[in-house]
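The values are calculated or read from the model by the stated rules, or taken from the named source; none is laboratory data. What you see is a predicted model; the values in this text were computed from it and never measured. Ideal geometry is used to build each Cβ from the backbone, glycine not excepted, and the neighbour counts take in all protein chains shown.
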Amino acid sequence: MTDFLKKLFSSETFGPKLYLFNIYHILLLLIVFGGSLLFAYLTRKKSQETKKKIVDIATLIMIILYFLDFFIHPFMTGEDKLIVDKLPFHLCTGAGILIALSRLFPRQFAKFRTSFAVLGLIGGMMYLTVPTALDDEFILCYRSLQTIIYHGLLFFIGVTAISYDDIKIEYKYIYREAIVLVIMDLISIFANRAYGGIRGDNYDWFFSTGSSFGVSPYLMPFVMFAILFAQCNAIYLINFGVRKLFAKCRAKKQLAQE
């Protein structure tokens, strides 16, 4: 039984391999990003209750995938241990848990539901655009599929929650994303130092040590904050522009009918 599970969840499987911006990576981006946007558009006229269920179901699948993954790590590695890097100290893993908590306890997290969804969208989009950890991996192996589906759901949840008005994008509250980013940055700095001391070198959760990019650890937390907060602003501006465009199209259609 153990040998079967080790083989099932091994990275050595069949099918094409994923390389940065090869044809399979480009197809993946088109399917995940294009599919999410198309789905949000096609379901825009559904009832608000149905829309909420769609986001909730996607969140449930995402969080199950995240926690179930820890039970599969020993079969992936062939060793009696978990992959510590999967702990929720990266933007993507942290945002996933925060999104799930905000769906489960909407009143308690009311002020930050938008922040969690926007940051999750950004995290999923960034990872799938540059999936360096999956470079030279078989697309159909468990590790690739789990990672792609998890990050794809992060993007899908963000897109649908925004387009369904399940969360409110108001520019005067964008400072809340800044608060969440600062807290995540500080937690990652502590986690990198704490867990890095166990194995003798630093992890690079949230890329706050700078080791992944050759940047000073004193500078990198500010760089990450600036990059991510700039993307938050971009999401807000895109949302504003798209809604303006749709409003103009509807106005023209009404005038034409009159």
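One table, with the values for the structure above:
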read-out	value
Hits in the range 131-188 - residues which are in a helix (DSSP H, G or I), of a type in the set (Val, Ile, Thr) and within 18 Å of residue 110 (Cα to Cα)	157, 160, 162, 179, 180, 183
Single match in 42, 28 (criterion: closer than 29 Å to residue 226 by Cβ and either within 18 Å of the chain's Cα centre (by Cα) or loosely packed, with under 14 Cβ neighbours inside 10 Å (or both))	28
Out of 11, 36, 102, sole residue that is among the hydroxyl-bearing types (Ser, Thr, Tyr) and farther than 30 Å from residue 182 by Cβ	11
Residues within the range 64-99 that are aliphatic (A, V, I, L, M) and more than 22 Å from residue 178 (Cβ to Cβ), tallied	9
Members of the range 2-22 that are free of Cβ contacts under 8 Å to residues at least 24 places away in the same chain and either at positive phi or within 22 Å of the chain's Cα centre (by Cα) (or both)	21, 22
Qualifying residue in the range 159-180 (condition: out of contact with any Gly (no Cβ under 8 Å at 6 or more places or on another chain), at pLDDT 90 or above, among the polar types (S, T, N, Q) and within 20 Å of residue 38 (Cα to Cα))	yes
Flag if residue 145 is hydrophobic (A, V, I, L, M, F, W, C), touching a Gly at 6+ places or on another chain (Cβ under 9 Å) and closer than 28 Å to residue 75 by Cα	no
The range 52-104: number of residues that are loosely packed, with under 14 Cβ neighbours inside 10 Å, more than 16 Å from the chain's Cα centre (by Cα) and touching a residue at least 12 places away in the same chain (Cβ under 8 Å)	2
Residue match in the range 102-111 (condition: among the hydrophobic types (A, V, I, L, M, F, W, C) and assigned to a helix (DSSP H, G or I))	yes
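A quick yes/no check of all residues on (1) buried (at least 19 other Cβ atoms within 10 Å of the Cβ); (2) touching a Cys at 6+ places or on another chain (Cβ under 6 Å); (3) farther than 24 Å from residue 221 by Cα:
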| site | (1), (2), (3) |
| --- | --- |
| 106 | no, no, yes |
| 134 | yes, no, yes |
| 144 | yes, no, yes |
| 153 | yes, no, yes |
| 157 | yes, no, yes |
| 160 | yes, no, yes |
| 177 | yes, yes, no |
| 187 | no, no, no |
